[in-house]
1. For B:Glu221 paired with B:Leu260, estimate the spin-label separation in nm (one decimal), with each label point 7 Å from Cα along the Cα-to-Cβ line.
2. How large is the translational diffusion coefficient of the protein assembly as shown in µm² per second when you combine the Kirkwood radius over alpha carbon pairs with Stokes-Einstein at 37 °C and 0.692 mPa s?
3. Tell me the net charge near B:Glu95. Cut-off is 13 Å between Cβ atoms, B:Glu95 excluded, with +1 for each Lys or Arg and -1 for each Asp or Glu.
4. Counting Lys and Arg as +1 and Asp and Glu as -1, each charge on the Cβ, what is the dipole of chain B about the Cα centre in debye, to the nearest 20?
5. Between B:Gln92 and B:Lys214, what is the FRET efficiency for a Förster distance of 60 Å, r being their Cβ-Cβ separation, to the nearest 0.05?
6. State the extension gain, in nm to one decimal, for the chain segment bounded by B:Ile269 and B:Val355, taking 0.36 nm per residue of separation less the distance between their alpha-carbons.
7. Below 15 angstrom from the Cβ of B:Met443, what's the summed charge of the other residues (Lys, Arg +1; Asp, Glu -1)?
8. Of B:Thr5, A:Gln49, A:Leu61, which is farthest towards the positive pole of the protein assembly as shown's charge dipole, taken about the Cα centre with +1 and -1 on the beta-carbons of Lys, Arg and Asp, Glu respectively?
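Taken together, the values in this text are just the output of simple stated rules run on the coordinates, not laboratory data. Remember, predicted model here, so these are calculated numbers, not experimental data. All Cβ positions, even for glycine, are placed from backbone atoms using ideal geometry, and neighbour counts span all protein chains on display.
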Amino acid sequence: MPPSAAHLQPQPGGFVARKLFLQFRIGGDRYLLAADTVVQVLPPQPLKQVPGAPVWVAGILSYKGEPVPVLDMSQLALGQGARQVTSTRTVLVAHRHRGHEPLRTLGLILEGVTDTVHRDPADFMPSGLDGVQARYLGPVLQDEEGGMLQWVSVNELLSDEACALLFATATATVTAREAQP
Amino acid sequence: MKNLTLRQRMLAGFAVILGIMALMGMLDLRRLYTIEKEVDAIRQDAVPGLYYSASMRAAWGTGFVRTRDVLEHPTPEGRKALLDLQVKSDAQFDELLAGYLKSVHRSDETAMYNEFRTLVLDYRRRRDVLLADQSAAAVGQARALVQEQLAPQFAKGSEILLNIVAVNKAQADEATARIEHAVSIGETGIVVSLVLALLAAFACGYLLMRAITKPMGSIVEGLTQLGAGDLTRRLDLARKDEFNAIEQGFNTTANELSLLVSKAQRSAIQVATSVTEIAATSRQQQATATQVAATTTEIGATSREISATSRDLVRTMSEVSGAAERTASLAGNGQTGLARMEDTMHNVVEAAGSVNAKLAVLNEKAGNINRVVTTITNVANQTNLLSLNAAIEAEKAGEYGRGFVVVATEIRRLADQTAVATYDIEQIVREIQSSVSAGVMGMDKFSEEVRRGMGDMQEIGEQLSQIIQQVQTLAPRVQMVNEGMSAQATGAEQINQALVQLSEATHQTVESLRHSSLAIDELNVVANDLRAGVSRFKV
C-alpha cells in the first residue's frame with residue numbers, strides 16, 4: 001500500500017492545520033516541498049544547455065514563452081546528477097530569492113516526484129544542523145515508517161551569486177532570443 | 001799549337017818528314033841526274049871512245065903488223081889470205097872508226113878524229129901502194145920500206161890514237177871523278193838530309209807522341225780508374241782535336257756507365273729486397289701449404305662424418321617413411337570421423353536454428369507485451385502527473401478544492417497501483433526479454449560456434465586430406481632423399497678420395513715450395529753478390 005494512502009483517512013482536527021506538500025527524493029532520503037510554492041509539475045523537458053554555467057544548472061526551459069532556469073537538485077545537493085527515470089520530474093516553483101521580490105519562476109529537477117502528502121507544519125522540528133551552505137534544508141518530520149522528511153525551502157535554494165547568475169543568464173537568453181529576427 | 005788536331009799534326013809531321021825526304025830525294029835525284037849525265041857522257045862518249053880508240057889502237061897495231069907480215073910472207077897464197085884478212089880488218093877498222101865517230105862529242109876530239117882519219121887515209125894509201133908494189137918483195141926491203149914509209153904514219157897514228165885514248169881516258173876519268181864527287185856530295189846530302197829527316201822525325205814524333213801520349217796517359221789513367229770502379233772520373237784534356245771527341249765520348253760513356261751502375265745498384269738493392277720479400281712470401285706459402293694440408297686432413301675427417309651422417313639419415317628417412325604411412329592411415333580415419341561429426345553438426349545447427357526461431361517468436365511476443373506495458377506505464381505516468389498537479393491546484397484553490405484533492409489522490413493511488421503492477425510486469429517482461437535475448441544470444445553464439453566448428457572441421461578435413469596428399473607425395477620424395485643420400489654418401493667417398501689426392505698434391509706443393517725456397521736462398525746469395533759487386537763502384 002503506498003505510503004500516501006494513510007493520509008486519505010480524515011484526521012482529527014480537520015484539514016485546516018494540514019498543508020499539502022510535494023514529496024521528492026534526494027539520494028535515499030525524502031524531502032518535502034510546500035505545494036503552494038509549486039506552479040506546475042512537468043514531465044522531463046528538453047532544456048537549452050548553458051555552457052560555462054555550474055554543473056547543477058541543468059539548463060533553460062521555455063515555459064509559456066518565458067525562459068525559466070532549471071537546476072538539478074540532486075546535483076546541487078549531492079554532486080550527482082538526477083537519474084533519468086519516469087519519476088524524475090521538472091517542478092516549476094515560484095521563487096522569491098531570500099524572500100525578496102521579484103517573484104521569478106525557477107525550475108527544479110527532482111527525483112521521486114510521485115506523491116503529495118498532507119502534513120501539519122507544526123509537527124516539524126528543527127534538524128539541529130543549520131549549515132550555511134544548505135540553507136534550503138529546513139526542519140524535519142518523523143515518518144510513520146521511521147524515516148525522516150525534511151522541508152526544503154525554495155526561497156533559500158540559491159546563493160546570491162547563483163541567483164544573479166541564473167536569472168541573468170535567463171535574461172540574456174531572452175535578450176538574445178528577442179534580438180534574433 | 002794546341003788547336004791543331006792530331007790529324008793535322010801527324011800530317012804536318014809527315015809533311016815535314018816527307019818534305020825533307022822529298023828535298024833529299026830531289027837533291028839526290030839532281031845529283032843522280034848529274035851522275036847519269038856523266039855516266040851518259042861516259043857511256044856515250046868516254047867509254048865508247050876509249051873502247052873504239054883502244055880497239056883502233058890495237059887494230060892499228062895489228063894492221064901494221066899484218067901489213068908487215070903480208071910483206072914478209074913468203075908465199076903469195078899466204079899473202080893473199082893475209083890481204084883478205086886485212087881487207088876484213090880494214091872494214092872492221094872502218095866500223096870502229098865510224099863507231100868512234102859516233103862517240104865524238106867534243107870539239108878537240110873531233111879535231112883529233114879528223115886528223116886521224118886523214119892520217120888513216122893517208123896510211124892506207126901508202127900501204128896500198130906499198131902492198132901493190134910486189135916487186136919489192138924482197139924480204140929485207142919490205143921491212144925497210146915499211147919502216148920508212150909506214151912507220152912514221154903508223155907512229156903518228158899511234159900517237160894520235162894514244163892521244164885520243166888519253167883524251168877519252170881523261171874524259172872518262174873526269175867524268176868518273178865528277179861522278180865520284182857528285183856521289184860523295186850525294187852521300188853527304190843523303191846523310192845530312194837523313195840526319196835532318198831523322199831529327200825532324202824525332203822532333204815531330206816526339207811532339208806527336210807528346211801530343212798523343214799525354215792525353216792518352218790521362219785517358220788510360222781515367223780508364224784505369226774507371227776500371228777500378230770510380231765512375232765519377234771524368235776527363236778534361238783541354239784539347240779541341242780528336243781527343244776532345246774522345247774526351248766527350250769518355251765522359252758520356254762514364255756518365256752513362258755511372259747512371260747505369262747507379263741504376264744497377266738501385267736495382268741490386270731492389271732485387272735483394274724483392275728476393276727477401278719473395279723468400280718471406282715463399283715461407284708464408286710453405287706455412288699456408290702446410291695449413292692447407294692440415295685443413296685437408298680435417299676436411300677428410302669431416303667428409304667421413306658426412307658419409308656416416310648420410311647413412312644415418314638414410315635410416316632415419318625410412319623410419320620417416322613408415323611414420324608417414326601410418327600418419328596417412330590415421331588421417332584417413334580422422335577424415336571419416338570428421339565426416340560423421342560434420343553430419344552431427346549439421347543436425348545441431350538445424351536444431352539451433354529452430355530453437356532460434358522459437359526464441360524469436362518469444363522475443364516478438366515479449367516485445368508486444370513491452371509495448372503494451374509501456375503504453376500502460378505512460379498512462380500511469382501521465383495520470384500520476386495529472387493528479388499531482390490537480391492536488392497542487394486544489395490546494396491553491398483552498399476550500400473549494402478539498403473534494404478535488406481526494407479525487408486527485410484516489411486517481412493517484414490507482415495510477416500508482418497500475419504503475420507498480422506495470423512495473424512488475426515490466427520487470428518480468430524485461431527479465432523474459434533478457435532471458436530470451438540471452439537465449440538468443442546464446443543460441444547465436446552456439447550457432448556461431450557450431451558454424452565455426454563446422455568451418456574448423458571443414459578446414460581440418462581439408463587439412464587432413466592435404467596431410468594425406470602430402471604424406472602420399474612423401475613416399476616418392478623419401479625415395480628421392482634416399483637416392484640423394486646414397487649419392488651424397490658416394491659423393492662423400494669421392495670427396496674423400498679427392499682429398500687424398502689433394503693431400504698428396506699439397507705435400508708435393510710443400511716439397512716444391514721447399515725447393516723454391518732453396519732456390520730463393522741461392523738467388524738471395526746471387527743478389528747479394530750482385531749488390532756487393534755493384535756497390536764497389538763509386539758513382
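1. It works out to 2.5 nm between the two label points.
2. Once the numbers are plugged in, D ends up at 68 µm²/s.
3. Taking every Cβ under 13 Å from that of B:Glu95, the sum is 0.
4. Approximately 3020 debye in magnitude.
5. The value I calculate is 0.15.
6. My answer for the length gained is 20.1 nm.
7. Value of the local net charge: 0.
8. Checking the options against the dipole of the protein assembly as shown, the answer is B:Thr5.
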